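Bear in mind that the values in this text are calculations on the coordinates, not laboratory data. From a predicted model like this one, the values you see are computed outputs, not experimental measurements. Here Cβ is always computed from backbone atoms with ideal geometry, including for glycine, and neighbour counts include all displayed protein chains.
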Amino acid sequence: MIQLHTNAAPQSADTSAQTEAEELNMNQVQAPEVVEHPMTGEEVYEGSLRGLLARNLGYYIVASFLIGTQQPVAWEGILNSVGNDYIVIYQPDQDRYVTGDLYALKFVEFHNSKAMPSPCSGCPGYRRRDGNRIW
């Protein structure tokens with residue numbers, strides 16, 4: 001049975017220093033032959049983008065979505081949860097959650113940190129990388 005993964009409470013900047021020693025889990029957890037010919041639903045899940053995202057809950061990401069045919073939009077924040085067809089990003093400076101369609105997700109930039117990167121921490125409201133600060 002495939003389970004959805006949820007990070008119940010977002011990490012604050014204070015508690016993130018304690019978990020900095022943890023590393024991103026970007027490695028393939030299965031043997032190459034299992035990736036090429038999965039036998040169970042769990043093997044399919046572990047080898048998927050959803051599996052990769054779920055292994056790295058709580059890390060700061062920049063997620064690029066393709067809207068329409070030519071309109072990429074990037075959202076950044078802490079990866080909070082992964083569902084069947086969506087992801088949830090928590091933006092601590094705005095105290096809000098942003099959801100995105102997993103099928104429109106094209107690229108994910110992972111930061112090896114569970115807090116906002118230093119250059120961005122001084123720019124509240126700038127959590128969308130296409131330059132729009134107004135919603």
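Could you calculate the FRET efficiency of H111 with V34 from 1/(1 + (r/R0)^6), where r is the beta carbon distance between them and R0 is 30 Å, rounded to 0.05?
My answer for the efficiency is 0.55.
Would you please put 105-112, 73-80, 60-67 in order of how densely packed they are, using the mean number of other Cβ atoms within 10 angstrom per residue and starting with the highest?
Highest-to-lowest ranking by the protection proxy: 73-80, 60-67, 105-112.
Quickly rank 30-43, 81-94 as a protection proxy: mean count of other C-beta atoms within 10 Å, highest first.
Peptide ranking by packing, descending: 81-94, 30-43.
Near Q30, within a Cβ-to-Cβ distance under 15 Å, what is the net charge of the other residues, with Lys and Arg +1 and Asp and Glu -1?
Net charge around Q30: -3.
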